[in-house]
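Every number here is computed from the coordinates shown, using simple stated rules; none is lab data. In this text the structure is predicted, and so the values were computed from the model without any measurement. Please note: Cβ atoms are built from the backbone with ideal geometry, for glycine as well, and neighbour counts cover all protein chains shown.
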Amino acid sequence: MAAKYCPRWLFNLCASMTAYEFIIGDMPIKSYAKKFSGGLSEHYGEIKHEEIESTAEVMLRFLVDINAENSDELLNAFVYFNLKYHSDGSKRKIKGIFGSAFDAEKEIKFSEADCLKSFKAYVFGLRSGVTYKPAAGWDIKDEENIDIVIDIIKKDASISDAL
């Protein structure tokens, strides 16, 4: 069976971006979720917008539960962490000799629960000062060799997708 599933880190990154764009944007979360699910589905097996939407929503609920004042910064920092590091803190190589971090997985390794668990661990680690965070002014759009992600981010979300 050929690999066709989105890598866990990329799903987590896109769910985080969905929540981030919802906070800084002016459209329903479903519009952003459809943008990211559509973009990922062009490269991998279908990812339903409901998966991304529900994952982004539980991340936002967690931020409300902890009374986070800088939710957008925390989400952007988690985007950075997912792009640059594995969940164990080791550096992620986007392009390697034998493949790419964007290579499809043979089985589904992402889930709402897994993403939320990673996000909670990251936020508490960040608050404790034991995890990596981006430099001030970091923007994912300035990163190189992540064309798949940049192409999705550059697409405009549509208000009609919220219907």
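The table below lists the values:
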quantity: Prolate/oblate/rounded label for the stretch 75-141 (Cα gyration tensor, a/c 1.5); calculated: oblate
quantity: Local net charge near Lys133, Cβ-Cβ under 12 Å (Lys/Arg +1, Asp/Glu -1); calculated: +1
quantity: Where labels lie 7 Å past Cα in the beta-carbon direction, separation of Ile66 and Asp147 in nm; calculated: 3.6 nm
quantity: Tensor-based shape of the stretch 8-162 (alpha-carbon gyration tensor, a/c under 1.5 rounded, otherwise prolate or oblate); calculated: rounded
quantity: Order of Leu116, Leu163, Leu74 under a 10 Å beta carbon neighbour criterion, fewest first; calculated: Leu163, Leu116, Leu74
quantity: Entries in Lys109/Lys141; Lys30/Lys154; Lys48/Lys155; Lys34/Lys133; Lys93/Lys141; Lys95/Lys141 that, when Cα-Cα distance is taken, lie over 22 Å; calculated: Lys109/Lys141; Lys34/Lys133
quantity: Rounded to the nearest 20 debye, dipole of the chain from Cβ charges on Lys, Arg, Asp, Glu; calculated: 540 debye
quantity: At most 12 other Cβ within 10 Å, DSSP loop - chymotrypsin sites (Phe, Trp or Tyr not before Pro), the stretch 83-142; calculated: Phe98
